[in-house]
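Accompanying notes for the structure given below.
The values are calculated or read from the model by the stated rules, or taken from the named source; none is laboratory data. Since we're looking at a predicted model, the values are computed, not measured. FYI the Cβ positions are ideal-geometry reconstructions off the backbone, even for glycines, and counts take in every protein chain you see.
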Amino acid sequence: MILFLSCLFLIPKVSVRIPGFKRTYLRQRFLAQIKKEKRIDFQSFWQFREFYSPGYFVFDKTTNPFLIYKSPLIYSEERLITDDKLSNYYNEKELLSKKIILKTKDTLVYYQDKTAVKIIFIKPKEDMEKTIGYFDYKEKDKELVKDKNWLNITYIRQI
């Protein structure tokens, strides 16, 4: 019985089959954590994506975006960029009509509409190294990631 209940709540592809309450809880908890801490914990972010809406990753270090996460409720792109200006990736005028959850120098989280949240952040390569294990940062991909920042743009739909 304990094993069965553990599977229901701990395995992403199984746990999201439980009627909407778990998804709603995960989404609310994730957004509340962002509001409270005034930042995104990137490991929690990756875990949230998998548990909220299991999907798949497409990784190709020769393209930009180099990583795409697709699921029924989440679309996310990871890019390597040379600038560090978050304002290059959203329209300031558009934001006037949006409910902002978090806005800092390098992170923006807001309700895009009543059914979706948009997350945009830019972080230095050092933060990407701690979170994304797809690159060989010390040898093979050293030149590829040199002097680059990590840009993530994510759309989260609610059900």
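Taking residue 140 and the conditions (1) outside any strand (DSSP E or B); (2) surrounded by 13 or more Cβ atoms within 10 Å (Cβ to Cβ), which numbered condition does it fall short on, given that it satisfies the others? Single failed check for residue 140: (2). Among 106, 84, which is crowded, with 16+ Cβ neighbours inside 10 Å and not β-branched (Val, Ile, Thr)? The unique qualifying residue is 106. Among the residues of region 127-159, those identified as closer than 16 Å to residue 46 by Cβ and acidic (Asp, Glu) are 127, 129. Scanning region 87-126 for residues that are basic (Lys, Arg) and under 16 Å from residue 45 (Cα atoms) gives 118, 123. Within region 28-44, the residues that satisfy the criterion of being in a helix (DSSP H, G or I), modelled with pLDDT of 90 or more and not polar (S, T, N, Q) are 29, 30, 31, 32, 34, 35, 36, 37. No other residue among 54, 72, 19, 65 is modelled with pLDDT under 90 and outside any helix (DSSP H, G or I) apart from 19. Criterion applied to 136, 60, 83, 106 was being touching a residue at least 40 places away in the same chain (Cβ under 8 Å) and of a type outside the set (S, T, N, Q), and the one residue passing it is 83. Residues that are over 16 Å from residue 30 (Cβ atoms) and either at pLDDT 90 or above or touching a Ser or Thr at 6+ places or on another chain (Cβ under 7 Å) (or both) within region 101-127 comprise 103, 104, 105, 106, 122, 123, 124, listed in sequence order.
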